[in-house]
Each structure stands twice: as C-alpha cells, then as structure tokens.
1. Work out the FRET efficiency for GLU315 and GLU108 from their Cβ-Cβ distance, taking R0 = 22 Å, and round it to the nearest 0.05.
2. Is segment 162-204 rounded, prolate or oblate when judged by the Cα gyration tensor, a ≥ b ≥ c being the square roots of its eigenvalues, rounded requiring a/c under 1.5 and prolate requiring a/b larger than b/c?
3. Return the FRET efficiency for the residue pair ARG168, SER63: r is the Cβ-Cβ distance, R0 is 22 Å, and the value is rounded to the nearest 0.05.
4. What is the gain in length, in nm to one decimal, between ASN412 and LEU7 on full extension, counting 0.36 nm per residue of separation less the C-alpha to C-alpha distance?
5. Taking 0.36 nm per residue of sequence separation and subtracting the Cα-Cα distance, how much length would be gained by fully extending the chain between PHE201 and GLU214, in nm to one decimal?
6. Can you give me the % of accessible surface on segment 348-420 that is carbon or sulfur? Probe 1.4 Å, all protein chains present, nothing else counted.
7. Within segment 90-115, find all residues whose amide N lies under 19 Å from a label point positioned 7 Å from the Cα of SER20 along Cα-to-beta-carbon.
8. With a/c under 1.5 counting as rounded, go ahead and sort segment 153-254 into rounded, prolate or oblate using the C-alpha gyration tensor (a ≥ b ≥ c being the square roots of the eigenvalues; past the cut-off, prolate if a/b is larger than b/c, else oblate).
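The values are calculated or read from the model by the stated rules, or taken from the named source; none is laboratory data. What you see is a predicted model; the values in this text were computed from it and never measured. Using ideal geometry, Cβ is built from the backbone for each residue, glycine included, and neighbour counts are taken over all protein chains shown. Surface areas here come from the heavy atoms of the whole protein model, side chains and all, with no ligands, DNA or RNA. Shrake-Rupley method; radii C 1.70, N 1.55, O 1.52, S 1.80 Å.
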Amino acid sequence: MLSPEILEALRGYADTMPRSVSLVVQTGTHPSRAELLDFLTGFCSVSERLVLEERDTGGALRSPMSFMLEVDGQPAGMSFSGIPGGHEFNSLVLAVLHASGVPVKIDESVRKLIGSVDTSLNFEVFVSLSCHNCPDVVQALNQFAAINAQISTEMIDGGLYPELIEKRNIQGVPSVYLNGEIFANGKIDPAQLVQKLLERFPHLKAAGQAEAPELPTQDVTVIGSGPAGVSAAIYAARKGLAVTVIGDRFGGQLKDTMAIENLISVPGTTGPEVTNALQAHLGEYEVTTREHVRVEKISTGKNKTLQLSSGELIESRTVIIATGAKWRELGVPGERENIGNGVAYCPHCDGPFFKGKDVAVIGGGNSGIEAALDLAGIVNSVTVMEFMPELKADQVLIDQVARRDNIRILKNVATERIVADNGKVTGIDYTERSSGEGTNASFSAVFIQIGLVPNSDFLDGVVELNQYGEVVINERGQTSEPGIFACGDVTTVPFKQIIVAMGEGSKAALSAFDYLLMHTSSSKQAAAA
C-alpha cells in the first residue's frame, strides 16, 4: 500500500522522533480491517520507534477501524477512524511526529492561547479523503491536542461510517463537532477554528495577548499568504527588510484550485502543489510568520499598528494588503440556511457526498464549468445554471462539457430559491429570464460558483474601497493611505489570475521599498548604523 519512496521518506521522519509512539488499534472485525492493519504495519516497519498494537481499548476508540497514538502508555490525544490515506496521510505523519515530541510549529501567541484551555475539549472531524481542505483542519486540531492534554481530536472518514453520517445529517466536509455538538461546518480554516474558540472562551484571548512575544517594529508586514502575499514577502525580504507575513490559511484560494494549466512555464499543476512550492520558497528567507490568526484592525499614522485576532499587536512601517477573496454567495433564500446540508462551494470537498445523485452548479464561468467537469465523474448528472444568455467560460472548457453526456446547460435563468426539506436540499426554484416562467428542478445539492468577494471588511475606514469592496490602488500598488499598499484579488486589478497576483505582489513590495527609502530607514539599516 505504501510505495518504497514513501517508506523511505517515513524512515527519515522517524529518525527525528525523540520518543517512541505506539499506534493502538481497537480489536474486532470489519470488512476493511485487514487493509487498515496492512497500512499501519507498513507505516510502522520503517523504525523501531513506531510500534503497532492491537487491543481492546474499553470504548476509548470508535470501532475496529479506529486507532490512537500513545506515548509511554498514555494517550496522545490524537486518533483516526479510518485509513488516513490520500490527503490525510500527512495528517498522520505530523501527528506521530508531534506526539513523539517534535516541536509544534505554531505562533507563540496561539500556543499560549491553546495552552490556556482549562476544560476538556473533544473534537471529532468528519472528512472525505478526497478533500484537500480537511487536512488543514485535522492538522490544526492535532496540534492543539499536542499542546494541551485537555484537548483530543479524532479524524473520521465519513465514507466508512454512513450510518453516523446519516444520523448527524452531514452533507459537507470538514464537519467539526466539539463535545458532541456541531462546532464548525463546511469550508473552514484553522484561523476560523481559533476564532470560534475565542468566541466560546473569551478569556483565552487575554492569555494569548499577555504571553505574546514582542516583535520589533517591522519594515513590511504582509497581510495574506496566497500568491500575491508570498511574492510580496519574498521581494521585500530580498531587499534586506524586516518582514512579517500574517496568513489565516497559507495558499488562500489557490489551495482550492485542482487544475492549473495557465501558470506560465508550468504546463500543468495543482493548487496544493503551487502552495507547497510557495511555502518552500518563502522558507528560504528570514521572514517572520503569523499563521492561524487574522488582522482585526489597523491603526494608521507614521507607523501602522496591526491588532491580531490572538490579541497580539504588531507595529510596522509599511503594510501590504494581499488578503485575496472568498467565494461569492448567491444571496437567495435557502442558501445560508443550508450550507453544509446540500449547499456547497467546493466540489472537490463535498462532491463525494452526492455520488450517483443529481446536482446543480450555479455559474457558467471557468470555475462553474470546471466544477461541473469534476462532479460529472462522481454524480449521476450535473445541471449548470447560468444567468447570462451565454456561458462565460473559456472555449476549451465548454468543448469538454459538450463531450459529457451527463452535463446539462441552462442559460439565461435566474435562481430564485434553494429548496430544502428536513434539513436537506431538494431542489431549486428558478425563472426563465426570457419568458418570466417559473420552474422547480429537483437536486440533491447545489454548488455555487459565481465568482469571488474581496476579503476587505477589516479595511473599512482605513483605505479607499470601491463599490465592490475592492481596495483602490494605482499603478504602483499604492492605496489612499500613505505607507499601505495592496495587491492581488483584493484590489481593483481587473484580472483575478494567479500569475497576475504574483506580479502585483512583487510590484507592491518594490513600491514599499521605495517608500521606505524616501521616508525612513529600515529597522535592519538602523540596527547596522
């Protein structure tokens, strides 16, 4: 099951483990249990520090397809129900390393915040092994468990537990439960998990703020860690500036893109691959990072003060905004009420829940047609609903759709309502725009792909925004506030493309450098003097 290349990589990771880790499997029978044991046997074969045990855990584990990590005979707070293959394989590797004592790489302010939890928190994370967002959540919660013994986390492969999925009415992943109650549903990221914990336990913020390390005044602080933000940070670091990057989710929307064919010099790649490459490239420079947190407020003046969701304050001579965008909501009745119950924005994550069923995709642009093509291989049929008289997608994608028998296109239609019954989507009410005739169509899920909305809410009153919420910039990436620059999908730049965002990020960093030369000495220059 595990290739020689993977086993060799695991052997290298195991050599860094300070302590041995036992993988304890619940006894019992299950049709897939032999596959699980074969997987774990291969996993543990690379080192004496990895020990596989089978025993009755007395109810500590969910089923014979469950296993937990133990160190020195004590649970490490991390367990897996299912075979953590696919995107979740890295979650297992990291869990084992952290359980063994390899330090958790997380911001100190977040570490202190999580370490201050003084009540028992038991997280259950329902995942699909094809979901590329789920590992971020599993890994973040496993980090929390490694930091604080009061916290435990279980990854649950929804495909193995259909009765449990049906009982809890789960129709989207990741779906996170805390102490048996829904905690987060649908597309979420680690920063949102931290924010939800802060909302539930407000005293944690004070603990994180009190213990937060004080950074010296930064030359450039980049808000956002997608293609634009990373490009800006690299260019600024190459100028010898003191740079901090604040990102709630490394890669941003890029991580949700499964097929990339227009990144010049690379004929074909994926969002996760480009994200990993960006992260590795950034790691070559002396850049401070703040992950799993968000900027809540920016105070303007000669220097800018950024207040983070963890309570930390960062002072910076310049700021580059690269917060990107999020999926645009349709804004019709039945949408928000049914997110995670048949309304979805990520076909890769939630498509497998609707295998063999009829679904709709709202939007006939590139993202909508790509979603339809992805779903066509999983579901029974896909109906693409486009508001305009013609599709807006590239012709190469439209041609692919024409070759699929189970994709239907409805043009010039307006979605009026998403209909649900007993907590599950059952269809869409829509209007034929040419005739005004109303129609209902039955669907088990609706995937909304109608573009993006800039992540600029926290900038209201800080810089000029246009009617769409985009940050208004000039040709140098300058905003209305001196010393604050912006780049990428959050701005008025007309074309929201990865390669455009990279160029805009680089340009914003060069403009920030010019600004510093004209207005102040950088912190590193001042230290050298």
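1. On the way: r = 17 Å, r/R0 = 0.78.
Working from the Cβ atoms, E equals 0.80.
2. Since a/c reaches 1.5 but b/c is at least a/b, the shape of segment 162-204 is classed as oblate.
3. On the way: r = 16 Å, r/R0 = 0.71.
So, using R0 = 22 Å, E works out to roughly 0.90.
4. Values: separation 405, 0.36 × 405 = 145.80 nm, distance 5.32 nm.
Result for the pair: 140.5 nm of gain on full extension.
5. On the way: separation 13, 0.36 × 13 = 4.68 nm, distance 2.38 nm.
Result for the pair: 2.3 nm of gain on full extension.
6. Numbers: 1550 of 3340 Å².
Taking all protein chains in place, segment 348-420 shows 46 percent carbon and sulfur surface.
7. Output list for this probe position: 96-102.
8. On the way: a/c = 4.22, a/b = 1.81, b/c = 2.33.
Oblate, since a/c reaches 1.5 and b/c is not below a/b.
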